[in-house]
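Here's the structure we're looking at; comments come further down.
The values are calculated or read from the model by the stated rules, or taken from the named source; none is laboratory data. All values derive from a computational prediction rather than experimental measurement. In this analysis, Cβ positions are derived from the backbone assuming ideal geometry, glycine residues included, and neighbour counts consider all displayed protein chains.
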Amino acid sequence: MALLPVLVAPDPRLKIKAKPVPQVDDTVRRLMDDMLETMYEAPGIGLAAPQVGRPVRVIVVDVAREGEAPQPLRLVNPEILWRSEELATYNEGCLSLPEHYADVTRPAEIRLRCLDERNETREMEAKGLLATVLQHEMDHLDGVLFVDHISPLKRNIILRKLAKAKRLNAEAV
Ligand code: GNR
Ligand code: NI
């Protein structure tokens, strides 16, 4: 297993639409294991392949709480089949928008289809934090960040701060 560097916005690689995976093979399984290791190390509760510079439709999630047994999920080519009319709001964070948080409203429950790590088609239902994180990760596969769901004013404040931090960081190197 290996830790992968996580891209931080603004970065054009976070805006690309990721490509479907034709087949879940050892290369994809290795990527998912490396993503899980990277996510746990961060720590985070989800990670999408574009965040580690791989433009493919692969996500990993684990919303188990500290002290609970880990519940790693590996999803390939996830597709939303159904969204509830009921909405839910969570204060979201993102490893690609470090130290910034905002309330985001999304469907409270979803039903989705994906391939699992054995290349088998699966369907699952999710609600609560899991539903939010899965939607946050699927957004990454379409080049969408949580700031794209908030007001342009709040979005621009966050993106400008991150751009400035990158500039200062580049000067310091
Ligand atoms: O670690 C994460 N926490 C989180 C909290 C609320 C809603 C979504 C998330 S996902 C985020 C990790 C991440 O950036 N995944 O893409
Ligand atoms: Ni994110």
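Brief remarks on what is shown
Table: residues versus (1) away from ligand 2 (no atom under 13 Å from the Cβ); (2) part of a loop (DSSP other than H, G, I, E, B).
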{"site": "Pro70", "(1), (2)": "yes, yes"}
{"site": "Glu79", "(1), (2)": "yes, no"}
{"site": "Cys94", "(1), (2)": "no, yes"}
{"site": "Glu123", "(1), (2)": "yes, no"}
{"site": "Ala131", "(1), (2)": "yes, no"}
{"site": "Asp139", "(1), (2)": "no, no"}
{"site": "Gly143", "(1), (2)": "no, yes"}
{"site": "Val147", "(1), (2)": "no, no"}
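- Checking each residue in segment 96-111 for being under 30 Å from Thr27 (Cβ atoms), within 16 Å of ligand 1 (Cβ to nearest atom) and assigned to a strand (DSSP E or B) picks out only Ile110.
- Residue in segment 138-145 that is surrounded by fewer than 20 Cβ atoms within 10 Å (Cβ to Cβ), modelled with pLDDT of 95 or more and among the aliphatic types (A, V, I, L, M) present: yes
- Among the residues of segment 43-62, those identified as surrounded by fewer than 24 Cβ atoms within 10 Å (Cβ to Cβ), more than 9 Å from ligand 1 (Cβ to nearest atom) and aliphatic (A, V, I, L, M) are Val52, Val56.
- When residues of segment 4-36 are limited to those that are within 13 Å of Val60 (Cβ to Cβ) and surrounded by fewer than 17 Cβ atoms within 10 Å (Cβ to Cβ), the one nearest to ligand 2 (Cβ to nearest atom): Asp33
- Restricting segment 147-163 to residues that are within 18 Å of Asp11 (Cβ to Cβ) and in contact (Cβ under 8 Å) with a residue 12 or more places away in the chain, the residue that is nearest to ligand 1 (Cβ to nearest atom) is Val147.
- Each residue in segment 116-146 was checked for being free of Cβ contacts under 8 Å to residues at least 60 places away in the same chain and within 15 Å of Asp103 (Cβ to Cβ), and 3 of them qualify.
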